[in-house]
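Heads up: the structure comes next, in structure tokens.
Every number in this text was worked out from the coordinates using simple rules, so none of it is lab data. This structure is a prediction, so every number in the text was calculated from the model and none was measured. Cβ placement follows ideal geometry from the backbone for every residue including glycine, while neighbour counts extend to all protein chains displayed.
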Amino acid sequence: MHTDNRFAEEIAENLRRIWTNIGAAARRAGRNPAGVTLVAVTKNVGVEAVRAAITNGAAVLGENRVQEAAEKFKAIGRSAEWHFIGHLQKNKVKHALEIFSLIHSVDSWELAAEIDRKAELAGMTVPVLLQVNVAEETSKHGVPPLEAENVARRISALRRLRLSGLMAIPPYDPDPEKSRPHFRRLVEIRNGIALLKLENTRLNILSFGMTGDYEVAVEEGATHLRIGTGIFGERKT
Ligand SMILES: *Cc1c(COP(=O)(O)O)cnc(C)c1O
């Protein structure tokens, strides 16, 4: 376990650098940096490091596995906000609703319907983002771009879901500029859905941008950046 100050100081420094870069990218784009939320992705990161990030200003944590998140949640509780960013299995929905205040990764109509059922039983309303497979990669989750409007329309009819925006994970490329057309495509899809004027729908969130491409993401209008490696260093897996 890295409990030493040097380790905490590295996390603090990484966060400071990222916020500085976000500020610069926002200014280039004529945006207010306050409109950008940093989601610190804590998958495979231990509780001590998560605590160090929270102490140094990380207010939102992103996890991609319910079980792993649940263990850290026991130690950390609601001193930060928890967002789910991974592929959610239907049998984990109930548990996920106990921890996460936003699900970035609704990647099918079936999952949306299951979240609605479990939210109804729990008497709650759940904000969700629709994950779009912008590059149409067979290996990736998410609805195909051409189906996004149709799925959004069906989700808008679910009483317990609030469709709050879209999420995407472009193909990894060491050149961040390669992500830009994918981000633009997601914004176009969002604009198309907005024209439908669906009920229960407010598409104010755009979740895209990771360690390698978050500055481009800010320039293209991201409201939520999901950053892991840039804060905590390379993951061990
Ligand atoms: C792991 C992960 C991230 C963070 O990736 P980094 O490159 O480490 O910043 C973002 N989004 C999702 C969905 C992830 O699974």
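Of everything in region 115-135 that is part of a loop (DSSP other than H, G, I, E, B) and more than 19 Å from the chain's Cα centre (by Cα), the residue that is nearest to SER164 (Cα to Cα) is MET124. Restricting the search to helices (runs of 4 or more DSSP H) fully inside region 143-236 and requiring at least 3 residues that are closer than 22 Å to SER101 by Cα and either of a type outside the set (Lys, Arg) or away from the ligand (no atom under 11 Å from the Cβ) (or both) gives 148-156. Just so you know, in region 103-114 the residues that are part of a helix (DSSP H, G or I) and not acidic (Asp, Glu) include one that is nearest to the ligand (Cβ to nearest atom), and it is LEU111. Pick from region 26-45 the residues that are among the aliphatic types (A, V, I, L, M) and closer than 21 Å to ILE85 by Cβ: which of them is nearest to the ligand (Cβ to nearest atom)? Among those residues, the one meeting the criterion is VAL41. Restricting region 191-209 to residues that are among the aliphatic types (A, V, I, L, M) and free of Cβ contacts under 8 Å to residues at least 60 places away in the same chain, the residue that is nearest to ARG159 (Cα to Cα) is LEU198. Summed over region 87-104, residues that are of a type outside the set (Val, Ile, Thr), closer than 13 Å to LEU161 by Cα, in contact with a Phe, Trp or Tyr (Cβ under 7 Å, 6 or more places away or on another chain) and surrounded by 18 or more Cβ atoms within 10 Å (Cβ to Cβ) total 1. Within region 199-237, the set of residues being out of contact with any helix residue (DSSP H, G or I) (no Cβ under 7 Å at 6 or more places or on another chain) and β-branched (Val, Ile, Thr) comprises ILE205, THR229, THR237.
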